[in-house]
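Worksheet for the structure shown next.
Just so it is clear, none of the values below were taken in a lab; they were calculated from the coordinates. All of these numbers come straight from a predicted model, not from anything done at the bench. Neighbour counts are summed over all protein chains in view; Cβ atoms, including those assigned to glycine, are modelled from backbone coordinates with ideal geometry.
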Amino acid sequence: MAVIGDGDQTEGIDSMRDTTQKLSETAAAVDVDTILEKYDPEARYLKLTGHWVTLVKIIAVCFSLFQLYTAMFGLLEAQIQRPTHLMFALTLIYLLYPTRKPKRAGSGGLQIHPMDIILSLLSITVASYSILTYQNLMESAGLYSTTDCIMAVLGILLTLEATRRIVGLPIVIIASCFLLYAYLGSYFPGFLNHRGYEIKRIVTHMWFTTEGIMGIPLGVSATFIFLFILFGTFLTSTGIMTFFIDISNAIAGWAAGGPAKVAVLTSALEGTVSGSSVANTVGSGSFTIPLMKSLGYRPEFAGAVEAAASTGGQIMPPVMGAAAFLMAEFIGMPYVEIAKAAAIPALLYFTGIWTVVHFEAKKCGLKGLPRDRLPNLWKVLKKDIHLILPLVAIIYLLVKGFTPMRAALGGLGLSIVVGMLRKATRLNLAKLLDTLETGARSALGVALACATAGIIVGVVTLTGLGLKMGDGLLALSGGFLIPTLIFTMITSLILGMGAPTTANYIITSTCAAPAILALGVPVLAAHMFVFYFGIIADITPPVCLAAFAGAAIAKANPIKTGIEATKLAIAAFIIPYIFVLSPQLLLINTTPWEVIQIIITAVIGMVGIGAAVEGWYWTRMSWWERIIILAGGLLLAIPGTLTDLIGLGLIILITVTQYYRASTAKTVATISDRTS
């Protein structure tokens with residue numbers, strides 16, 4: 001492979017620099033760090049100096065090296081791998097995330113509170129106890145000692161407190177309510193009633209078994225998820241995010257409402273690497289939102305575009321959100337099958353947002369950026385196309401049947417090689433250590449969300465709550481599918497107000513998905529349904545963190561921004577119902593020809609739905625035109641020849657009507673101008 005020289009393609013590099021400078025000047029007033037800290041708990045860490053920086057770096061690098069070593073040379077037993085993973089995460093969280101406002105040290109650095117140091121050491125002690133005594137614990141047959149119980153209680157409390165610091169209080173409240181339910185079950189009415197369990201039974205079940213905190217969610221975090229987060233960190237170090245921004249500007253920056261389309265395309269591309277809604281919104285939104293406003297987009301709409309597009313990153317293959325890896329483990333399906341099934345819905349999601357953005361631009365007469373302010377597509381590709389090789393490698397390895405862990409390792413290794421091709425992204429020892437540290441720190445939130453969600457799973461398995469909730473949901477809906485889906489959707493959206501996507505998916509997949517499955521829905525469709533609604537909770541009012549972050553950048557009303565984001569993401573509220581009723585949308589029992597037909601007709605359908613939402617096609621639409629084109633769009637989105645033909649007929653009818661009205665209006669305007 002030829003090495004790209006620093007002196008080559010000077011003109012293309014200069015163009016990129018000019019574009020980056022202009023974007024940076026536009027975003028200069030945006031305080032990214034402040035916005036992230038306000039809406040993303042993971043960004044509220046201590047800015048340490050001195051020996052504390054060295055200590056944290058050593059622990060974080062060791063965390064990444066431990067994960068890489070076990071991935072390359074074989075995972076340890078679950079009772080060792082998972083507590084070790086959690087031990088690293090707890091230790092770093094207590095050193096980095098204070099429970100109160102930190103004090104300034106005399107040297108000008110930030111001082112860690114002594115209690116946080118004690119909690120960090122206590123985390124090491126408790127996790128080490130589980131690791132060193134796991135053989136005896138397994139052989140005890142449930143006869144745990146007083147010391148075992150004390151360690152279990154400490155482990156649970158440390159996990160909940162660390163989760164509160166890095167994820168937020170709502171999920172801690174939810175997990176605590178589940179623990180109370182396990183203890184006070186005999187006091188609950190109706191189908192929720194159970195005999196209740198002693199505290200000793202509850203805490204040991206949660207800490208020492210692989211059905212509680214050390215259960216499947218933490219196991220997935222300790223294997224697949226960490227490696228994919230680390231892969232994303234290494235890939236980012238190659239400059240791929242800048243490549244995504246440049247190529248998006250080159251493709252769509254000149255079009256009507258260009259910056260908004262750039263936001264959609266950039267977020268879709270970034271979503272292949274990063275799955276954080278808030279971080280994506282703030283990252284690319286600091287450039288795109290001010291540009292959208294400068295071209296005439298309403299502040300609420302500008303913030304909503306970035307929020308809705310960034311949220312879709314979690315459903316974008318090949319590297320989806322963490323919950324997708326949990327889904328693969330829960331339903332026993334290869335991750336590549338999950339990614340394949342998500343491909344068409346993800347395409348439709350971003351098509352829906354792109355369409356609404358386009359019609360908003362046409363309705364408001366918004367233009368794109370001048371060509372001379374944008375990079376040249378071919379120069380961008382010629383200079384940086386090699387950066388996508390690690391993503392291609394991951395797709396290839398997954399399709400070839402490699403495990404997600406091996407695929408992530410392959411992509412990670414290739415990202416290092418790709419980074420070596422250019423001096424600016426070449427990893428020396430210092431950059432390598434920084435990247436390993438960043439990867440470990442990026443995984444902390446997911447690790448604790450999975451650990452705390454394990455408490456919820458543990459209570460469900462201990463009490464049989466999942467089956468009870470499923471039966472209760474079926475009774476409430478009268479055994480009908482659509483009401484069951486609606487109740488499940490509402491549950492997911494409510495949980496999304498406080499729980500991160502991973503925890504949201506775990507709760508709904510264990511408590512609500514059984515009801516959907518009982519009605520004959522394929523397991524993949526049922527789990528994808530709750531997965532989708534757990535994700536779009538990030539942009540659904542009243543608690544819509546991604547929309548709030550976008551509103552902060554746009555200086556807009558947060559609730560109005562959330563409402564706009566919900567309108568933009570209308571596809572995410574429709575598509576899950578469609579693939580439950582017609583699983584062919586998830587490539588279940590389809591032929592290649594059916595796949596082509598589904599993609600073409602569904603994309604046309606999303607255009608119709610977008611036009612109905614925005615009230616504009618060739619020109620402004622009347623109420624009856626919006627109803628007809630919406631019906632046509634929905635019918636086209638539903639797989640099936642009959643529905644496609646009817647839907648296409650309705651779309652053509654409105655297209656002809658709209659084109660005639662627009663042409664007539666243009667002719668009248670031209671005659672009027674000539675007359676005057």
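Mind giving me the FRET efficiency for residue 53 and residue 364? R0 is 56 Å, r the Cβ-Cβ distance, nearest 0.05 is fine.
Numbers: r = 49 Å, r/R0 = 0.87.
Rounded to the nearest 0.05, the efficiency is 0.70.
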| said: Straight-line reach only, C-alpha to C-alpha below 18 angstrom: list the lysines that residue 38 could link to, leaving out same-chain residues fewer than 8 apart. | reply: 47, 101, 555
| remark: Dipole check, the chain, charges on Cβ (K,R +1; D,E -1), about Cα centroid: among 393, 421, 254 the Cα furthest to the positive pole belongs to 254
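In what sequence, highest mean first, do 135-144, 569-578, 325-334 appear when ranked by Cβ atoms within 10 angstrom? Let's see the in-between values first.
Details: 135-144: 12.2, 569-578: 22.9, 325-334: 18.8.
Descending packing order for the listed peptides: 569-578, 325-334, 135-144.
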| request: Calculate one ³J(HN,Hα) per residue across the stretch 133-150 by plugging θ = phi - 60° into the Karplus curve 6.51 cos²θ - 1.76 cosθ + 1.60, and present them in order as whole Hz with x for glycine and proline. | output: 10, 4, 5, 5, 5, 5, 7, 6, 6, x, 8, 7, 7, 4, 4, 4, 5, 4
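May I ask for the net charge around residue 619, where only other residues with Cβ less than 11 Å from the Cβ of residue 619 are counted and Lys, Arg are +1 while Asp, Glu are -1?
+4
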| task | Treating the angle as unsigned and between 0 and 90°, give the value, to the nearest 10°, between the Cα long axis of helix 240-252 and the longest Cα principal axis of the chain. | result | 20
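Rounded, prolate or oblate: which fits the chain when a ≥ b ≥ c are the square roots of the eigenvalues of the alpha-carbon gyration tensor, with rounded for a/c under 1.5 and prolate only if a/b beats b/c?
Details: a/c = 1.90, a/b = 1.32, b/c = 1.44.
Oblate shape, in that a/c is at least 1.5 and b/c is the bigger or equal ratio.
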| task | Pairs of Cα atoms under 8 Å, at least six residues apart: use those to get the relative contact order of the chain, whole percent. | result | 17
| Expressed as a whole number of Å, what is the distance separating the alpha-carbon centroids of the stretch 325-398 and the stretch 176-215? | 43
| task | Compute the separation of the alpha-carbon centres of the stretch 288-320 and the stretch 35-54 and state it in Å as a whole number. | result | 25
| Taking only Cα atoms, what is the 0 to 90° angle, nearest 10, from helix 114-132's long axis to the longest principal axis of the chain? | 70
